[in-house]
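Nothing in this text is a laboratory measurement; each read-out follows from the coordinates by a stated rule. Computed from a predicted structure; not experimentally measured. Cβ sites come from the backbone with ideal geometry, for glycine too, and all protein chains shown count toward neighbours.
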Amino acid sequence: MPANRRFTLAARPVGMPKPSDFRIEEQPIREPGDGEIHVKNRYVSLDPAMRGWMTDMKSYVPPVVIGDVMRAFALGEVVASRDPAFAAGDLAAGLFGVQEHATVPAKHATKLLPLAPLPKLMSVLGPPGLTAYFGLLDIGKPQPGETVVVSAAAGAVGSVVVQIAKIKECRVVGIAGGPDKCAYIRELGCDAAIDYKAGDVAAQLREHCPKGVDIYFDNVGGEILDAVLARLALRARIVICGAISQYNATAPVKGPSNLISLLVNRATMTGMVVLDYAPRFPQGVMELAGWFAAGKLTSKEHIVRGLDAFPTALPMLFTGENFGKLLLEL
């Protein structure tokens, strides 16, 4: 059998991850034991959450151990199975890591149906789509006519939030960086687009949300979260999905200064991690797939080819260089 090439974590990054924080290794492919499957990865998902997994601090999952394969969602084909739930040729997805092959317990993998091209199964019909689906619908609870603001609206999660909010007949204001991304989110259905690189976000929120913000889906934290807190409507709901503006900070992070707005407006701010919804993933995928098949959902993927590109591709998430869901194609 061919050797397995993989990236391991060599050092905990300080600031932006750099190539020397990772090491590429080769090792023999392990045959599956009872209850295990061997998967040949086709696509590896690059996500902002990976930056937190490299940090030795309390989180919703333990940090990646120095010397271990870098944790990542991946999708591939089952090569061999010693579990009745999978057969050779099945599509499987899970936390398989940044590597070409993975031998894992079958209970830690999800069998996928070929509902769409493989990149779509990792974006709009995968973890980003499910994050948008459960975060907006379960926590945001959108009602027709409400105003929904989405940060990082051109990103893998934000772009799906925009479209689901429109399906639910909401008015949507998207925040993105640059004219191209703002044009894209208007194509997705945003009633207004705010370019955070081009001007005063607080002033633009006052213009586009004159009656306040009913739901804020937050992917960035920082100053934009502060600006939205100042525009909350009565009984607003804030979904805390991410805080990408803070992930590479080397100094203490300043918290939002407008928290009193939650009290004044009797609003809520709730964190969400998509893994909490794993038992309901089939429900989410089927509804997302129905909207996708009906032409109500679309997505953009930014595909980088080759495992060797991993250390230079990952920082694109934090510089805004990627446009759409960032994937490694192996």
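Observations
- Relative contact order for the chain, counting Cα pairs under 8 Å that sit 6 or more residues apart, in percent: 17 percent
- Overall, the chain carries a charge dipole of about 520 debye about its Cα centre when +1 sits on the Cβ of Lys and Arg and -1 on the Cβ of Asp and Glu, all other atoms neutral.
- In summary, the aspartates and glutamates within cross-link reach of LYS18, defined as a Cα separation below 16 angstrom excluding same-chain residues under 8 places away, comprise ASP47, ASP308, GLU321.
- Take the Cα of ALA278, step 7 Å toward its Cβ, do the same at GLU26, and the gap between the two points is 3.4 nm.
- For region 38-134, applying the loop criterion from DSSP together with a ceiling of 15 other beta carbons within 10 Å to the trypsin sites (Lys or Arg not before Pro) yields LYS58, ARG82.
- Net length gained if the chain between GLN143 and ASP180 were fully extended (0.36 nm per residue, minus Cα distance): 10.4 nm
- Over the chain, the reciprocal of the mean inverse Cα-Cα separation, the Kirkwood hydrodynamic radius, stands at 20.5 Å.
- Shape of region 213-330, Cα gyration tensor, a/c cut at 1.5: oblate
- Restricting the chymotrypsin sites (Phe, Trp or Tyr not before Pro) of region 23-69 to loop positions (DSSP other than H, G, I, E, B) with no more than 11 neighbouring Cβ atoms within 10 Å leaves TYR60.
- Cα gyration tensor shape of region 80-123, rounded if a/c is under 1.5, else prolate or oblate by comparing a/b with b/c: oblate
- Beta bridges by DSSP in the chain, antiparallel share as percent, to the nearest 5: 55 percent
- Region 23-95 - charge dipole about Cα centre, Lys and Arg +1 at Cβ, Asp and Glu -1, debye rounded to 20: 280 debye
- Cα shape, region 128-275, gyration tensor, a/c 1.5 rule: rounded
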